[in-house]
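The values are calculated or read from the model by the stated rules, or taken from the named source; none is laboratory data. Only a predicted model underlies this, so the values are computations on that prediction, with no experimental measurement involved. Quick reminder, even Gly has a Cβ in these numbers, built from the backbone with ideal geometry, and neighbours come from all protein chains shown.
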Amino acid sequence: MKKAIGIILVLATVIACCFAFAACNKETTGIEDGVLNVATNCYFEPFEYLDESGNPTGIDMDIAAALAKELGLTCKIKDMAFDSVVGSVASGQQDIAMAGLTVTNERKQSVDFTQTYFSSSQVVIAKNGSAILDVVAASDSEEDINSAIASIEAALKGKRIGVQNGTTGYAYVSGDSDDYEGIGATAVGYESGVLAVQALKNGTVDYVIIDAVPASKLVAAIEGIAASTVVLTGEDYAFAVKKGNTELLNKINKAMDKLIADGTIETIFSKYGLSSGLGE
Ligand code: GLN
């Protein structure tokens, strides 16, 4: 009897190990089951947002579909809070983050980034008539741009700034371990840019700071607010995979090379009224 139990235990262990190995195997390449699991946050128009029927759409979503097609995979989008996106990929729950995600040194500690595909910046959104909107760079020279940034940062000091949780906008305001010193203002976190803008309109925060292109969409859609033309940061968007998953990273980079070369990426950007800048 004891011997039989022993054999059963050994068998059970072997079976458990096989499952563990299979699970690990999925984690290292992320694509064995034929599904590219994409982590995003659908409140970042035009990169990802929900269409009238509630389906994820936008530049990143179109690129996700094109990448999956190129790799012979089915694309499955998981809409989640933005501050869970990087963690879900770092933990292996999702294969790839596609979320207008800025490359940062802090994030590089837990994920690996693909090649970059868009340049972005943080900008201020303020109520119409706010003096901060009068600050403009006198020219494109570095000196004039830096002096405009200094004026904006002086105006932001000590103020309450609405930002989206987990974003570089948040880090720019409050500082982080690697990339941003902070600007001596209070970051007030919201689940989305729209909620941050509502807080601006009802006076809970003094300004909102968010990426420039989503800022332009917000000010076009919501009355009574405008975006500053002064670009406060220099950022690049890329997709992120689990740290060490070089197989998936290389596949995505190779597929991106092809989609850039054959014009697919530029066609996607122009569908949303933008240029990727990748051909320049
Ligand atoms: N680009 C910003 C970041 O990576 C914001 C992204 C977003 O809100 N989807 O933090």
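Side notes on the structure shown:
- All positions within segment 178-192 that are part of a loop (DSSP other than H, G, I, E, B) and touching a helix residue (DSSP H, G or I) at 6+ places or on another chain (Cβ under 6 Å): D178, D179, Y180, G182, I183, A185
- Residue match in segment 238-248 (condition: buried (at least 18 other Cβ atoms within 10 Å of the Cβ), outside any strand (DSSP E or B) and not hydroxyl-bearing (S, T, Y)): yes
- Considering segment 58-114, and only residues there that are part of a strand (DSSP E or B) and among the β-branched types (V, I, T), the residue that is nearest to the ligand (Cβ to nearest atom) turns out to be T102.
- Residue within segment 196-209 that is closer than 20 Å to F47 by Cβ and surrounded by fewer than 21 Cβ atoms within 10 Å (Cβ to Cβ) present: no
- Just one residue in the set A64, A39, A4, A81 is modelled with pLDDT of 55 or more, loosely packed, with under 12 Cβ neighbours inside 10 Å and hydrophobic (A, V, I, L, M, F, W, C); that residue is A4.
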